[in-house]
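Report on the structure given below.
The values are calculated or read from the model by the stated rules, or taken from the named source; none is laboratory data. Just so it is clear, the model here is predicted, and its values are computed rather than measured. All Cβ positions, even for glycine, are placed from backbone atoms using ideal geometry, and neighbour counts span all protein chains on display.
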Amino acid sequence: MLLGGSGSAALAAPVRDGAATARAGTAQVGTAQIGTAQVGTARASAWTTPQRGAEHASASAVPGASSTTLASVVPGERLTTLAAADPGRRTAGAAEEPPVEEQPCPVAVPSGTTCGYLLAPERRDVPNSRTIKVGYAVHRASPAAGQAADPVVYMSGGPGSASLQLTGFLTRMFPGRDVVVLEQRGGRYSEPRLSCPEIVRGVVGTLSTPGPASAETAPLARQAMACQSRLEAEHVDLRGYNTSEIAADVVDLRAALGYPGWYLFGVSYSTRPMLLAAERDPQGTRGIVLDSLLPSGSRWYDESSAALSATMTKLGVAARFDAVVKALNAHPATYETRDPLTRERLTVQLNGDDVATILGESLHEADVAAIVPALVDGLASGRTELLQPLVDAAGDALTSYEWGLYYAVQCQDETPYNTFRNARSPRLFTGVVDEAVCDAWGLPAARTEPDLLTSHTSVTTPASSNPASSNSASSDGATPAASSEETTPEDTSSDGAAPEDTPSEGASPEGATSEGATPPVLVLGGQYDPTTPPEAAQKAVSAVPGARFAEFAGAGHAVFLSSACGRQTIAAFLDDPAATRPVCDPGAAPYPVVRPGDLLLTSSAYRLSRSPIPLAVPAAFLLVSAGQLVAGLVSLLRRRGGGLSALAGLAGVALGGLSALSLSGVRDWTSFAIGVPHALAWYGLLALVSTALSIIEAFRLNAAAARIVPALTGLALLAWLYGWLLS
């Protein structure tokens, strides 16, 4: 499963696009992601928000943006080569090569941004390993801001998620400091790019046939081996694409750019290489921000089902969720969607485990997580068509990652430390697919090494040498941290509310980074994140000096993308790591939870977002009603009657106004993907009144033939409203 920050594909991006709102997010098949960026403002209301799924999506234009090239030096700094003693140093065989290479920016970026490649060995453990190119961008702080603060370097999660498209968002988030955005080696904007469309075809093929995924992995394994063979024919050594090498790229880039120190900012999967980079480069690490922390001691696959069930318990729909999984495992549902590669129509059959995987991915996004209780309740009642938005988003998300990179990392750093023997239901599709691909690829387990959080504890051993690992998941789904300490009752509030940003005991008030001292650490967790549960993150940092943790109510995966308070908290930490006073309320959820019964469930609103043609019916009714009202009022002023026409037109216009008022009061526009306010059904009675009056007026003696038009449009609206939209 993808453990990247932000997002995946949006549940209701088409709905919100039509309403000038945005965010992408995240439900996806066989991925977990980050998912997802989202609407919201932050510091001084000056931050705009990237479109949802911005962490994986293609870049969109940034106002005032330009594509520029990499300048060889940072103002006031000299571009340096790496010293032989520098952590993550280049091999001797590549020492004479320049550490960076200028390159036009591949995405739209703010003016003042420069881009390039870090030239790095594909494998630092192999002498004379070939050189690969790791993409990055640097946005320098405006000279008007005065002396720039320490820079911050950001990397997206995944593994396999792109980063550069978030450059503009991050520069608005940190306006007073240099912002460096680093791609992962093998990612979309690096060379080589480890894409794997063969695996996407295999996943689509598995979902297109009936039966559990666990019984259909042979074709998927063949596609995975085809991808591996192609990459190896291109001279790609997949063993050079792992967390250790990615961490070394972070360390190398700081030296190459000449920065004496910087802050590290990782989300989801990238928290692992950032923690490892901080351990290797303590003198260059001013502090570290870990959003949606994935502790290195966790066994994600073995614990994922329990974590998802625990999140459903937080949302109050655990029993209904179990009922959905059981019912659909017995009788899979069929959906029409589009093939993510060919864009042709595609029929997929999803059982309960598949649907559970998609729901788990959707929880990454705060706006989607808020409607999951109502969605799950509808699915449990047999309304399987309500899942269509997530099914469509899942297909699109399959093309948002570089699967070759994803599996190179997962097969070396994650799957060897899981047993995949967890019989707990649901059996998530992600684990089945990833186990099959990694078995086919046969990559060796990467050597584990301590990072900033685990340097004083034992590191994880492969599951094959630790049979007890399959029982390591806690009952509430929290991931066990590398620390042996147990979570105390104070770690989480009894009512599920997010606690305030609290420093751990022993936190360094000065945020010192002298040798032997732990740099300041800020960890953020989302209340409804099933991929990296906040309980696990809090436990992992509870005994780390200089570390503090904040849980954000209503948030899912990649808090900074969905929470304005999360962004403010990060910015304040970088400005003053020693400050502990919250700058906002992390307990204030960005969206109210939509409980069962809060909406009139219907899939018609989502269909309208895909094709607005049916909106012609209410549009015609409102236009006719307005004309009817005006004509009736004119007739009344001229004392020629027209009272019935005026009343009919007034009822129709009132229907439009009240409906618009009801819809505008909805805070989470994503909810329209599964339902509409109950008030619309009652407001529809005004259409009935308008139509009845129009019929009476049309059949009066000597009535003009044109008076039948309001009656016909009224009848059409009633059929549209009660026979289609609200049915």
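Mind checking whether some residue in the range 277-285 is out of contact with any strand residue (DSSP E or B) (no Cβ under 7 Å at 6 or more places or on another chain) and of a type in the set (A, V, I, L, M, F, W, C)?
The answer is no; no qualifying residue exists.
Check whether at least one residue in the range 595-605 is surrounded by fewer than 19 Cβ atoms within 10 Å (Cβ to Cβ), over 43 Å from the mean Cα position of the chain (by Cα) and of a type outside the set (A, V, I, L, M), and report yes or no.
Checked the range 595-605: no residue is surrounded by fewer than 19 Cβ atoms within 10 Å (Cβ to Cβ), over 43 Å from the mean Cα position of the chain (by Cα) and of a type outside the set (A, V, I, L, M).
Do you know which residues across the range 598-622 are small (Gly, Ala, Ser) and part of a loop (DSSP other than H, G, I, E, B)? Quick ask: steps written out before the conclusion?
As a first pass, look at the range 598-622 and keep what is small (Gly, Ala, Ser): 603-605, 609, 611, 616, 619-620.
Listed by number, the residues that qualify are Ser603, Ser611.
For every residue, the table says whether it meets (1) buried (at least 24 other Cβ atoms within 10 Å of the Cβ); (2) more than 24 Å from Met225 (Cβ to Cβ); (3) polar (S, T, N, Q).
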{"position": "Thr114", "(1), (2), (3)": "no, yes, yes"}
{"position": "Ala137", "(1), (2), (3)": "yes, yes, no"}
{"position": "Glu183", "(1), (2), (3)": "yes, yes, no"}
{"position": "Cys196", "(1), (2), (3)": "yes, no, no"}
{"position": "Val200", "(1), (2), (3)": "no, no, no"}
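Just checking, how many residues over the range 306-363 are touching a Pro at 6+ places or on another chain (Cβ under 6 Å) and of a type in the set (S, T, N, Q)?
Total satisfying the criteria: 3.
Looking at the range 299-320, can you tell me whether even one residue there is more than 15 Å from Ser381 (Cα to Cα), among the acidic types (Asp, Glu) and touching a Leu at 6+ places or on another chain (Cβ under 8 Å)?
No, there is no match, as no residue in the range 299-320 is more than 15 Å from Ser381 (Cα to Cα), among the acidic types (Asp, Glu) and touching a Leu at 6+ places or on another chain (Cβ under 8 Å).
State yes or no: is Ala620 under 19 Å from Ala369 (Cα atoms) and surrounded by fewer than 17 Cβ atoms within 10 Å (Cβ to Cβ)? Walk me through how you get there before you give the answer.
Values: under 19 Å from Ala369 (Cα atoms): no; surrounded by fewer than 17 Cβ atoms within 10 Å (Cβ to Cβ): yes.
So Ala620 fails the test.
Conditions: (1) of a type outside the set (Asp, Glu); (2) more than 30 Å from Pro373 (Cβ to Cβ); (3) under 45 Å from the mean Cα position of the chain (by Cα). Ala631 meets all but one. Number of the miss?
For Ala631, the failing item is (3).
So, in the range 263-286, of the ones that are surrounded by fewer than 23 Cβ atoms within 10 Å (Cβ to Cβ) and not charged (D, E, K, R), which residue ends up nearest to Gly135 (Cα to Cα)?
Gly284
Quick check on my filter: what residues within the range 567-606 are hydrophobic (A, V, I, L, M, F, W, C) and without any contact (Cβ under 8 Å) to a residue 60 or more places away in the chain? Before the answer, list the steps.
Pass one, the range 567-606, residues hydrophobic (A, V, I, L, M, F, W, C): 570-574, 578-579, 583-584, 588-589, 593-594, 599-601, 605.
Correct list: Ala572, Ala579, Val583, Cys584, Ala588.
Give the residues of the range 416-434 that are surrounded by 18 or more Cβ atoms within 10 Å (Cβ to Cβ) and either at pLDDT below 85 or within 19 Å of Ile358 (Cα to Cα) (or both), sorted by residue number.
Hits for the range 416-434 are Asn422, Pro426, Arg427, Leu428, Phe429, Thr430, Gly431, Val432, Val433, Asp434.
Name the residues in the range 127-146 that are among the hydrophobic types (A, V, I, L, M, F, W, C) and at pLDDT below 95, would you?
Just the residues of the range 127-146 that are among the hydrophobic types (A, V, I, L, M, F, W, C), to begin with: 132, 134, 137-138, 141, 144-145.
Hits for the range 127-146 are Ala141, Ala144, Ala145.
For the range 245-280, name all the residues that are within 13 Å of Leu452 (Cβ to Cβ) and among the basic types (Lys, Arg).
Residues satisfying the conditions are Arg272, Arg280.
Rundown of residues vs (1) more than 25 Å from Ala446 (Cα to Cα); (2) part of a loop (DSSP other than H, G, I, E, B), yes/no style:
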position	(1), (2)
Thr167	yes, no
Arg193	no, yes
Pro219	yes, no
Ala224	no, no
Cys227	no, no
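Of all residues in the range 556-587, which are in a loop (DSSP other than H, G, I, E, B) and either touching a Cys at 6+ places or on another chain (Cβ under 7 Å) or under 17 Å from Val666 (Cα atoms) (or both)? Break it down into steps so the answer makes sense when it comes.
At the first step, the residues of the range 556-587 found to be in a loop (DSSP other than H, G, I, E, B) are 556-558, 563, 576-587.
Across the range 556-587, the qualifying residues are Cys584, Asp585, Pro586.
Considering only the range 322-402, give the helices (runs of 4 or more DSSP H) lying wholly within it that have at least 3 residues that are touching a residue at least 12 places away in the same chain (Cβ under 8 Å) and over 18 Å from Gly431 (Cα atoms). Spell out the reasoning first.
On the way: elements: 352-362, 366-369, 372-380, 388-397.
The qualifying helices (runs of 4 or more DSSP H) are 366-369, 372-380, 388-397.
Output the residues belonging to the range 567-584 that are over 23 Å from the mean Cα position of the chain (by Cα), closer than 18 Å to Leu264 by Cα and of a type in the set (D, E, K, R).
Those that are over 23 Å from the mean Cα position of the chain (by Cα), closer than 18 Å to Leu264 by Cα and of a type in the set (D, E, K, R): Asp575, Asp576.
Give me a count of the residues in the range 623-665 that are closer than 18 Å to Ala692 by Cβ and either polar (S, T, N, Q) or not in a helix (DSSP H, G or I) (or both).
5
Those residues that are among the β-branched types (Val, Ile, Thr) and surrounded by 20 or more Cβ atoms within 10 Å (Cβ to Cβ), I need them from the range 671-707; list them, please. Write out each step before concluding.
Narrowing the range 671-707 to residues among the β-branched types (Val, Ile, Thr): 674, 676, 689, 691, 695-696.
Of everything in the range 671-707, those that are among the β-branched types (Val, Ile, Thr) and surrounded by 20 or more Cβ atoms within 10 Å (Cβ to Cβ) turn out to be Ile674, Val676, Thr691.
In the range 229-262, what residues are assigned to a helix (DSSP H, G or I) and aliphatic (A, V, I, L, M)? Step through it out loud before you land on a result.
Narrowing the range 229-262 to residues assigned to a helix (DSSP H, G or I): 229-233, 238-240, 243-257.
Answer for the range 229-262, where residues must be assigned to a helix (DSSP H, G or I) and aliphatic (A, V, I, L, M): Leu231, Ala233, Leu238, Ile246, Ala247, Ala248, Val250, Val251, Leu253, Ala255, Ala256, Leu257.
Give me a count of the residues in the range 284-315 that are more than 20 Å from Cys438 (Cβ to Cβ) and in contact with an Asp or Glu (Cβ under 7 Å, 6 or more places away or on another chain).
3
Starting from the range 607-627, keep only residues that are closer than 20 Å to Glu385 by Cα, then list their pairs with residues that are among the small types (Gly, Ala, Ser) whose Cβ atoms are within a distance under 9 Å, requiring at least 6 positions of separation or different chains.
Filtered contacts from the range 607-627: Leu608/Gly18; Ser609/Ala12; Ser609/Ala13; Ser609/Gly18; Ser609/Ala673; Pro612/Gly18; Pro614/Ser604.
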